[in-house]
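Let me begin by presenting the structure, written as structure tokens, before commenting on it.
The values are calculated or read from the model by the stated rules, or taken from the named source; none is laboratory data. Remember, it's a predicted structure, so these values are computed and weren't measured experimentally. Backbone-built Cβ (ideal geometry, glycine too); neighbour counts: all protein chains shown. What goes into the accessible areas is simple: the full protein's heavy atoms, side chains included, and nothing from ligands, DNA or RNA. Shrake-Rupley method; radii C 1.70, N 1.55, O 1.52, S 1.80 Å.
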Amino acid sequence: MKRQFTAGAIALVLATVAHAQVLDKQQLLERETFWQNRDFDWFQANIPFFECPDKDITTTYYYRWELVTRHICYGSPNSGYSFTEFANRPFWSGAYGAISCPAGHQIYEVRWLHDPRYVRDYLRYWFRTPGAQPRNYSFWAADAAWATHLVQPHREFILDLLPDLIENYQAWMRRQWVPEMGLFWQLGHDDGMEFDINAQQTRDILRGGQSLRPSFNAYMWADARAIGEIAQLAGDSETAARYRATADGIKQQVQKHLWDPQRQFFFPMSNQRHEKDGHVVEKHTLTYQTGQYAGSPHGRELHGYVPWAFNMLDAGFEAAWKFLMDDDYFYANFGPTTVERRDPLFVLKSGCCWWAGQSWPFATTQTLKAMGNVLQHYEPQHITREDYTHLLHKFAVTHRKDGKPYIAEAVHPHTGSWDGHDMHNRSEHYFHSGFTDLVITGLVGVQPSDGDALTIHPLAPDTWAYFALDDLPYRGHRLAVVWDQTGQRYGLGSGLHVLVDGRPVAASPTLAKLTVNLPPQVEVPLPSEVRINYAVNNDGDWFPRLSASHVGSGSSLAWANDGQFRYDIRPVNRWTTVDSDQASDWFAVDFGAPRPIDTVKLYLLDDGQDVIAPARLELEYHHGAAWKPVPSQQCSPPQPMGRRPNTITFPVLEIERLRVVMHHAEGGRSGLTEFEAWGPGELPYTPARPPAGNLAFNAGDEDYPKASASHSDRFGGAPARAIDGKIIYQATPMNRWTSYESPDDADWLEVDFGEPKEVGRAVLHLYDDRGGVQPPADYAVQVWSGQAWREVQVASRIPEKPTGSMANTVTFSPVTASKVRIIFTHQGRAKSGVTELEIWRQ
């Protein structure tokens, strides 16, 4: 099966297009001071490089690529790579933390990475991964797939995806198509806009009611158009014609029904009648045509610009753009605002998600994308190239907190403050928008197309003395676009220059539109060899299983093989040995079966405080009855370094148990944000089966054992989930029992075996969301004697203090019992929970 790209296959293709650099990559990376991820090798190999006179735009450009690395997630060997939105994985996210709402923005960004496995895996993820949720929110999936194909073309890949894209579109039609209007309805909440001004006129001010929204219908137009293009590529003219006709119909209906000529803007149209506080919003009326504010000249929301983000509209609607740069409407120092400023429902909230005024990076991205398209493809009268650069600069400086690059969910449009919108351990460094694509396609003006003719239409101002975009992957080639007023900076002569694979192919004395004829496309091949990270475990399987000599406070073993790496102290994603009294500690993984391993990556922490890179590492495997050094190790870098992967390679070795011994450096202790163990394999991958002997395990197909509890939360935290063999410490997918909202100071979880069993050990995998559910202050183990409950005689507890997101093991004198009960004494106002309870004979 074709899931992963091998390094050799990619290197083979990229070697054919190697060329001299216009920009000094190492110098540009070292010029920036914000880096948490210092894996400069990865950046040099994967991202296009850029510089311009606007230092804020340049810094934000590189910060946004580091932001991508914070959100890369290797979810499982079968799904490959995906991307998260939040720093953590909130309960409403899908498998491995992905959320469809920002996926279109994310795909437009990561399509520009040199290694196409990231974007291709992510596209496939949405339709081939159990637990993915492609229609929980609006998502221009087919358009994003086609946009990727224009940059990283591969016929076999995109045609393989076509049936999924068609089924996804038809599922939207079955659920949300309005035949009499020829448009789709969507809820404001599910369009990413909670508490918008139309929702506030309904009784459900969070979600709102069904609306024929210009944004969502633009997405569905773009998807229909993309499916038509892919079907034509497949030679299916009938399907291509059908979807092109659907797209044409949507465009005509949006222009006919959602444009208000008096207010010169696109508005949502209610698809339902709503009554609230004695006011009625009538069905099929636009914002403020009926309801409490009927006749208001306002009601404009930033998402009214979205149709231009896809080049959807005919000419003649450009008057809407006169509102964008006007501070009586959308313009603000850290804007634009989501709603025009004089709207009667305009409000700035200090808490999350009121899209009725706050500036929203998601919408700012769409607006800049739309603005660039208008400047490049229409005849604008109200905006200029200088406006584009000005607004992009505003967006760049908005990416700051305490003077450092940063982005969260929403920003105060007048002060630039993220306060109230950067929730602790959730919204920091939030990947819900785009920026690098705006630089590439807008500022520099690279206009992807399906063919060998490429248009370069820069929106950078003529006053700039220089800019350069170098090592841009495009249709199997490497592009450079260079502007140099004097010709002295880059040594290519004055003017605008385009280079393909290091060779000049076009030039202009001014910043004018250029058409470039490229060599024929070169497809990066699909992999001939599958590479698997055998250490990852996001599905709660028994194996691979982690252990360590010490788990530092505030850290968790579970974060060391969750497929993500982040070097920040906050948000947390780390295992550490903080507070260890040993000179060295070890971290181990048990694969449950021999696995062919040839590469280990240790993403070492170095936060300059308690956790620093170890002085020395020893990689060992368990052979027979002892640990032995892995033979013929090659380490890069030679000495352990933090905030980058430390890669150890060796000839393929069948390994069942692997560990790294970390000899701590003076002045700190060691830690990891991720541990990877790579080798060749086959897909689909199946983890090793759990060992026999867990008396509490029930996959759900037996009457016994069975679980019960004194209290269970109302969100699905059923006792049966605590004995199903799945250990998942993340919020999603939900696989746990909790006593959340219990009125009591203590609660119990019980396992009934149905008959007497000899027991002597319990393992509690405690759930901890650092909020309403936390590790208990204490716990006790009781057994049922047949007549009464009695407490066991404890021999040991590891760790002694109950600790969340890890195994808590208690051993006791063997006893025969038909039931085992764990009594949790809650910690303060928080309640207790477990993702899995194991009971063993010994």
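Among (1) closer than 27 Å to residue 685 by Cα; (2) under 27 Å from the mean Cα position of the chain (by Cα), where does residue 598 come up short?
Of (1) closer than 27 Å to residue 685 by Cα; (2) under 27 Å from the mean Cα position of the chain (by Cα), only one is false for residue 598: (2).
Please state which one of 69, 33, 84 is under 18 Å from the mean Cα position of the chain (by Cα), over 21 Å from residue 392 (Cα atoms), surrounded by fewer than 20 Cβ atoms within 10 Å (Cβ to Cβ) and modelled with pLDDT of 95 or more. Steps first, answer last, please.
Values: 33 fails: under 18 Å from the mean Cα position of the chain (by Cα); 84 fails: surrounded by fewer than 20 Cβ atoms within 10 Å (Cβ to Cβ).
It is 69.
Take the residues in segment 705-739 that are buried (at least 22 other Cβ atoms within 10 Å of the Cβ) and among the hydroxyl-bearing types (Ser, Thr, Tyr); name whichever of them is nearest to residue 87 (Cα to Cα).
729
Within segment 487-504, which residues are without any contact (Cβ under 8 Å) to a residue 24 or more places away in the chain, in a strand (DSSP E or B) and open to solvent by less than 60 Å² (accessible area, probe 1.4 Å)?
The answer is 495, 497, 500.
For segment 628-656, give me the residue count where each residue is open to solvent by 70 Å² or more (accessible area, probe 1.4 Å) and either in a loop (DSSP other than H, G, I, E, B) or in contact (Cβ under 8 Å) with a residue 24 or more places away in the chain (or both).
Of all residues in segment 628-656, those open to solvent by 70 Å² or more (accessible area, probe 1.4 Å) come to 628-629, 632, 634, 638-639, 641, 651-652, 654, 656.
After this cut, where a residue has to be either in a loop (DSSP other than H, G, I, E, B) or in contact (Cβ under 8 Å) with a residue 24 or more places away in the chain (or both) as well, the list is 632, 638-639, 641, 651-652, 654, 656.
Looking only at that region, the number is 8.
In segment 413-449, what residues are at pLDDT below 95, out of contact with any Ser or Thr (no Cβ under 9 Å at 6 or more places or on another chain) and not hydroxyl-bearing (Ser, Thr, Tyr)?
422, 423, 424, 425, 426, 428
I want to confirm something. Restricting to segment 505-538 and keeping residues that are outside any loop (DSSP other than H, G, I, E, B) and within 30 Å of residue 95 (Cβ to Cβ), which single residue is modelled with the lowest pLDDT? Give the derivation first.
Of the residues in segment 505-538, the ones outside any loop (DSSP other than H, G, I, E, B) are 505-508, 514-517, 530-533.
Right, trim to within 30 Å of residue 95 (Cβ to Cβ) and you get 530-533.
Details: 530: 94, 531: 97, 532: 98, 533: 98.
In this case the residue turns out to be 530.
Could you please give the count of residues in segment 751-776 that are on the phi > 0 side of the Ramachandran plot, assigned to a strand (DSSP E or B) and of a type outside the set (Gly, Ala, Ser)? Lay out the reasoning, then the answer.
From segment 751-776, those on the phi > 0 side of the Ramachandran plot are 754, 770; that's our starting set.
Next, only the ones that are assigned to a strand (DSSP E or B) stay: 754.
Filter once more, keeping what is of a type outside the set (Gly, Ala, Ser): none.
Count: 0.
Identify, from the list 196, 143, the residue that is surrounded by 20 or more Cβ atoms within 10 Å (Cβ to Cβ), acidic (Asp, Glu) and touching a strand residue (DSSP E or B) at 6+ places or on another chain (Cβ under 8 Å).
Details: 143 fails: touching a strand residue (DSSP E or B) at 6+ places or on another chain (Cβ under 8 Å).
None of the others qualify; the one that does is 196.
I'd like to know if segment 686-704 contains one or more residues that are part of a strand (DSSP E or B), open to solvent by 20 Å² or more (accessible area, probe 1.4 Å) and touching a strand residue (DSSP E or B) at 6+ places or on another chain (Cβ under 9 Å). Can you show your working first?
Residues of segment 686-704 that are part of a strand (DSSP E or B), as a first pass: none.
No, every residue in segment 686-704 fails to be part of a strand (DSSP E or B), open to solvent by 20 Å² or more (accessible area, probe 1.4 Å) and touching a strand residue (DSSP E or B) at 6+ places or on another chain (Cβ under 9 Å).
Within segment 762-790, how many residues are closer than 15 Å to residue 839 by Cα and free of Cβ contacts under 8 Å to residues at least 40 places away in the same chain?
2
How many residues are in a loop (DSSP other than H, G, I, E, B), on the phi < 0 side of the Ramachandran plot, of a type outside the set (Asp, Glu) and out of contact with any strand residue (DSSP E or B) (no Cβ under 9 Å at 6 or more places or on another chain) when one looks only at segment 146-184?
Residues of segment 146-184 in a loop (DSSP other than H, G, I, E, B): 152-154, 179-182.
Retained after the next criterion (residues that are on the phi < 0 side of the Ramachandran plot): 152-154, 179-181.
With the extra rule that they be of a type outside the set (Asp, Glu), the set shrinks to 152-154, 179, 181.
Then drop every residue that is not out of contact with any strand residue (DSSP E or B) (no Cβ under 9 Å at 6 or more places or on another chain), which leaves 153-154, 179.
Residues that pass the stated criteria total 3.
Please verify whether residue 747 is assigned to a strand (DSSP E or B), among the acidic types (Asp, Glu) and in contact with a His (Cβ under 8 Å, 6 or more places away or on another chain), treating the condition exactly as stated. Spell out how you get there, then give the answer.
On the way: assigned to a strand (DSSP E or B): yes; among the acidic types (Asp, Glu): yes; in contact with a His (Cβ under 8 Å, 6 or more places away or on another chain): yes.
When the stated conditions are applied, residue 747 passes them.
When residues of segment 27-70 are filtered for being not in a helix (DSSP H, G or I) and not β-branched (Val, Ile, Thr), how many remain? Outline the logic, then answer.
Restricting attention to segment 27-70, the residues satisfying the condition of being not in a helix (DSSP H, G or I) are 32-39, 47-54.
Those still in the list that are not β-branched (Val, Ile, Thr) too: 32, 34-39, 48-54.
Going through segment 27-70 one residue at a time, the tally reaches 14.
Quick one: is residue 800 over 30 Å from residue 425 (Cα atoms), of a type in the set (Asp, Glu) and open to solvent by 30 Å² or more (accessible area, probe 1.4 Å)? Give the derivation first.
Numbers: over 30 Å from residue 425 (Cα atoms): no; of a type in the set (Asp, Glu): yes; open to solvent by 30 Å² or more (accessible area, probe 1.4 Å): yes.
No; evaluated as a whole, the condition is false for this residue.
Looking at residue 362, is it over 20 Å from residue 447 (Cα atoms), touching a Pro at 6+ places or on another chain (Cβ under 6 Å) and among the hydrophobic types (A, V, I, L, M, F, W, C)?
No: the conditions fail for residue 362.
Any idea which residue in segment 505-553 is least open to solvent (accessible area, probe 1.4 Å), counting only those that are farther than 23 Å from residue 838 by Cα and charged (D, E, K, R)?
531
Any idea which residue in segment 460-479 is surrounded by the fewest Cβ atoms within 10 Å (Cβ to Cβ), counting only those that are under 19 Å from residue 108 (Cα atoms) and aliphatic (A, V, I, L, M)?
Applying the first criterion (under 19 Å from residue 108 (Cα atoms)) to segment 460-479 yields 469-479.
Still in the running and aliphatic (A, V, I, L, M): 469, 472, 479.
Values: 469: 27, 472: 20, 479: 26.
It comes out as 472.
I'd like the residue in segment 600-627 that is free of Cβ contacts under 8 Å to residues at least 40 places away in the same chain and of a type outside the set (Gly, Ala, Ser) and, out of all such residues, is nearest to residue 36 (Cα to Cα).
Quick first cut of segment 600-627, residues free of Cβ contacts under 8 Å to residues at least 40 places away in the same chain only: 606, 608, 621-627.
Adding the requirement that they be of a type outside the set (Gly, Ala, Ser) leaves 606, 621-623, 627.
Numbers: 606: 9, 621: 31, 622: 34, 623: 37, 627: 34 Å.
Of everything passing the filter in segment 600-627, 606 is nearest to residue 36 (Cα to Cα).
What tally of residues in segment 212-229 results from selecting those that are over 14 Å from residue 137 (Cα atoms) and in contact with a strand residue (DSSP E or B) (Cβ under 8 Å, 6 or more places away or on another chain)?
2
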